[in-house]
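**Q** For reference, the structure I am asking about is given below.
The values are calculated or read from the model by the stated rules, or taken from the named source; none is laboratory data. Nothing here was measured: the structure is a model prediction, and the numbers come from that model. All Cβ positions, glycine included, derive from the backbone under ideal geometry; neighbour counts span all protein chains shown. The area values use the complete protein model at the heavy-atom level, side chains included, leaving out ligands, DNA and RNA. Shrake-Rupley method; radii C 1.70, N 1.55, O 1.52, S 1.80 Å.
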Amino acid sequence: MPSFSQKVPDDFSGAERIDKYIASLPGGFNRSKLKSGIQQILLNGSKSKLSAKIRAGDQIEIQWENSVPENIEPEDVPLKIIFENNDVCVVNKEQGMVTHPAAGNWSGTLVNALLFHFGMDAIKQANEGSAQEIQERHRPGIVHRLDKDTSGVIITAKNRDAEEYLSQEFKNRDVQKEYVLIVRGCPPKRDGVIDTLIVRDGADRKRFKAVDEDAAKNLRFGEDVERFERRNLPQGKRAVTLYHVVTTYSKYTLIRARLLTGRTHQIRAHMKYLGCPVLGDPVYSKKDDLFPEATMMLHSRLLKIRLPGEGDFAIFKATIPKRFKETIAILREKFPCEYRSKGIKAKEENLEIL
């Protein structure tokens with residue numbers, strides 16, 4: 001990420017806005033360029049704004065993203081296709097792949113790979129129009145997303161009609177999404193519901209946090225999504241996660257989780273809320289002593305959804321990744337199994353790692 005660092009001379013007199021001061025420097029940036037790609041501004045080490053006033057001796061540091069590329073290009077990136085027909089393509093997304101082009105990730109995304117797979121031409125970027133129009137140009141066919149470090153099932157649309165249909169299914173929450181994850185610590189219950197508000201963390205705009213709200217429902221892991229009463233609460237977005245403890249080894253727990261809502265970072269923020277952050281999570285967890293090189297142990301293992309033109313639900317599964325199997329093998333070797341779920345067969349539905 002490009003950066004700029006400048007100390008205001010000690011003999012500088014008066015006070016001036018940061019953007020005006022930088023624009024006045026030899027080789028400085030014009031104010032429009034600063035506004036278009038700015039990511040972070042630090043004034044004497046503290047977060048600031050372009051409108052802040054600077055004085056003699058101040059240290060200015062700015063980071064920005066390079067400009068948006070002219071086109072979204074097809075790229076020959078290997079994909080693990082789970083299912084494909086004329087309307088949809090279901091992929092087992094690899095960990096590390098970004099779902100759609102965005103600031104800092106304009107290539108190597110799932111969208112770039114799908115354009116190549118479908119034999120489509122480059123898509124000209126839109127830098128004008130409403131925010132929604134620009135967003136749609138950045139991620140054609142994407143109706144839901146997985147975080148970069150989350151692997152597993154994701155469904156994409158191959159035409160506009162399918163995209164509208166699938167978007168409505170997700171909007172109506174007429175889908176079932178199930179994840180498998182390894183966390184540091186043990187949840188307070190072996191079957192539980194986390195029902196909170198999700199809000200942005202005021203200290204870090206890239207993080208979210210769960211906020212208590214007296215709205216918990218008496219739900220269990222196996223109950224139908226239709227039992228969930230849908231409502232939004234003020235001061236944030238309601239987020240509901242059902243979880244089931246599969247097995248526990250010392251201070252590590254393997255969990256299955258179902259989302260009844262689809263908020264950004266929902267599972268990650270909810271596990272942090274329980275005091276059991278996802279192992280390897282670079283944002284919500286700390287480096288683990290036993291697994292210092294662990295990448296995020298969060299995998300979208302199952303998606304249940306009606307496809308366009310179909311009356312019955314289709315179920316798509318992604319096999320458990322190698323990183324999970326290796327981690328469980330180490331835990332088995334080092335610790336006795338303190339708890340194993342009796343309600344779900346150990347080898348059922350891709351949980352052969354148990």
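**Q** Need pairs with beta-carbon distance below 7 Å; first residue within 14 Å of Y284 (Cβ to Cβ) and open to solvent by less than 10 Å² (accessible area, probe 1.4 Å) and within the stretch 294-307, second part of a loop (DSSP other than H, G, I, E, B) and hydroxyl-bearing (S, T, Y); sequence gap 6+ or separate chains.
**A** The qualifying pairs are M296/T150; L298/T150.
**Q** Which one is modelled with the highest pLDDT, of the residues in the stretch 212-224 that are open to solvent by less than 50 Å² (accessible area, probe 1.4 Å) and either of a type in the set (A, V, I, L, M) or in a strand (DSSP E or B) (or both)?
**A** Among residues in the stretch 212-224 that are open to solvent by less than 50 Å² (accessible area, probe 1.4 Å) and either of a type in the set (A, V, I, L, M) or in a strand (DSSP E or B) (or both), the one modelled with the highest pLDDT is L219.
**Q** Within the stretch 32-45, track down each residue that is at pLDDT below 85 and among the polar types (S, T, N, Q).
**A** S32, S36, Q39, Q40
**Q** Being at pLDDT 90 or above and open to solvent by 50 Å² or more (accessible area, probe 1.4 Å) is true for just one of R256, R190. Which residue is that?
**A** Of R256, R190, the one residue that is at pLDDT 90 or above and open to solvent by 50 Å² or more (accessible area, probe 1.4 Å) is R190.
**Q** Now for a different question. Among the strands (runs of 3 or more DSSP E) lying completely within the stretch 266-342, list those that include at least 2 residues that are modelled with pLDDT of 95 or more.
**A** Output list reads 298-306, 313-317.
**Q** Restricting to the stretch 49-60, what's the tally of residues that are modelled with pLDDT of 85 or more and either of a type in the set (D, E) or open to solvent by less than 40 Å² (accessible area, probe 1.4 Å) (or both)?
**A** 5
**Q** Return the only residue of L197, L181, L166 being open to solvent by less than 10 Å² (accessible area, probe 1.4 Å), within 27 Å of P321 (Cβ to Cβ) and not in a helix (DSSP H, G or I). Step through it out loud before you land on a result.
**A** On the way: L197 fails: within 27 Å of P321 (Cβ to Cβ); L166 fails: not in a helix (DSSP H, G or I).
After applying the criteria, what remains is L181.
Conditions (1) out of contact with any helix residue (DSSP H, G or I) (no Cβ under 8 Å at 6 or more places or on another chain); (2) modelled with pLDDT under 90, marked per residue:
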residue: K47; (1), (2): yes, yes
residue: I62; (1), (2): no, yes
residue: P69; (1), (2): yes, yes
residue: K80; (1), (2): yes, no
residue: E84; (1), (2): yes, no
residue: C89; (1), (2): no, no
residue: T99; (1), (2): no, yes
residue: A131; (1), (2): yes, yes
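**Q** Continuing with the same structure: Taking the condition surrounded by fewer than 19 Cβ atoms within 10 Å (Cβ to Cβ), modelled with pLDDT under 95 and closer than 15 Å to D195 by Cβ, does G236 pass?
**A** On the way: surrounded by fewer than 19 Cβ atoms within 10 Å (Cβ to Cβ): yes; modelled with pLDDT under 95: yes; closer than 15 Å to D195 by Cβ: yes.
Yes; evaluated as a whole, the condition is true for this residue.
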